[in-house]
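*Asks:* Have a look at the structure that comes next, please.
Each reported figure results from applying straightforward, stated rules to the coordinates on display, with no laboratory input. This structure is a prediction, so every number in the text was calculated from the model and none was measured. Note that we place each Cβ from the backbone using ideal geometry, even for glycine, and neighbour counts take in every protein chain shown.
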Amino acid sequence: MHSHVAGDLYQLGACVPGENGHEAVRVYVLENAGQPVLIDCGSHLHRPEFMAGLEALLKGVPPAYVFLTHSELPHVGNLQRVAQRWPAVQVIVSNVMLPYIEIPPVLPLSQVTAVRPGTVLDVGGRKLVFLTALLRDQPGSQWIYDTLTRALFTGDAFGYYHAAGECEAFSDQLPQDISTARFLRYHQNAFRFLRWTQPARLNADLARLFHARPIDIICPTHGNALRTNISAHLHNVQSALSSARTALQSIGQPA
Ligand SMILES: [Zn+2]
């Protein structure tokens, strides 16, 4: 099953119930005028429904590219299956070390390209920009910006847990914006190092990244796309990062 986000951008994948609520594991697809681009490849846990959803969306058009934000399992769990199904697919990664370690068993290195932050790739008439992931749990992770839909693909960042019944809801289909508390709950689990960060510097970097280009949609892997109130969602994530330091430092402390 897939959901239409905006323009030629679609959302696939599923979610996993846990003690904090449901955690989405999303894959985003740009139809891209006959040269489809996948952002990440999803979890192997959802392989049958992911592959069926992808086949239904692509309608026989082979994906031209997979862009990996990073190489953790929820992001590459179906890469081997995608490469088997569409053997000519090109994989774009951000880190030279990771593909050498993890991807050669999946597909030949000639089909893997490593790009540096700041690279702009012209694909199917649109420009895709690679950015250093400001929030990451693996070195060399990247965010990707699409100049056509003005979507920013943020990998693990900007994730949030959702309730049963909200599994397919975009931000504008929820009764209210994702709150600081909701972003905090997810980010303090996803990025345990936040207790050692300087939130002011991190938030200033985030503000610079968002002010440098028009962003209409935020596409997190572990949440559905945020299509509205981008500045409010950015503000709420920044507030969550500011409080994560204190919230995490209190864990394990005597009451
Ligand atoms: Zn769900």
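*Asks:* For helix 180-190, what angle does its Cα long axis make with the longest principal axis of the chain, in degrees from 0 to 90 and rounded to 10?
*Replies:* 60 degrees
*Asks:* Let me know the whole percent of all Cα-Cα pairs from the stretch 3-249 that are separated by more than 30 Å.
*Replies:* I get 20 percent for the Cα pairs in the stretch 3-249 exceeding 30 Å.
*Asks:* Quick one: which residues, 5+ away or cross-chain, put their amide H under 5 Å from the amide H of Ser94? H built at 1.01 Å from N.
*Replies:* Amide H to amide H, under 5 Å and 5 or more residues apart or across chains, Ser94 pairs with Val115.
*Asks:* Let me ask something else. Sort 1-12, 108-119 by the packing proxy (mean of other Cβ within 10 Å over each peptide's residues), most packed first.
*Replies:* 1-12, 108-119
*Asks:* Between Leu174 and Met51, what is the label-point separation in nm under the 7 Å Cα-to-beta-carbon projection?
*Replies:* For the pair Met51/Leu174, the computed spacing is 3.2 nm.
*Asks:* What's the extension gain from Gln84 to Asp216 if we count 0.36 nm per residue and subtract their Cα-Cα distance?
*Replies:* Result for the pair: 44.1 nm of gain on full extension.
*Asks:* For every helix of n ≥ 4 consecutive DSSP H residues, a contribution of -39,500 (n - 2.57) applies; sum these over the chain, divide by its total residues, and give [θ] at 222 nm rounded to the nearest 500 deg cm²/dmol.
*Replies:* Calculated from helices alone, the mean residue ellipticity at 222 nm is -8500 deg cm²/dmol.
*Asks:* Cβ neighbours within 10 Å, averaged per peptide: list 139-147, 34-42 in order, most packed at the top.
*Replies:* Details: 139-147: 21.0, 34-42: 23.6.
Output ranking for 139-147, 34-42: 34-42, 139-147.
*Asks:* Follow-up question, since we're still on this one. How big is the charge dipole of the chain about its Cα centre, in debye rounded to the nearest 20, if each Lys and Arg gets +1 on its Cβ and each Asp and Glu gets -1 on its Cβ? Provide the component values of the computation, followed by the final result.
*Replies:* On the way: 19 positive and 19 negative charges, 115 e Å.
It works out to roughly 560 debye.
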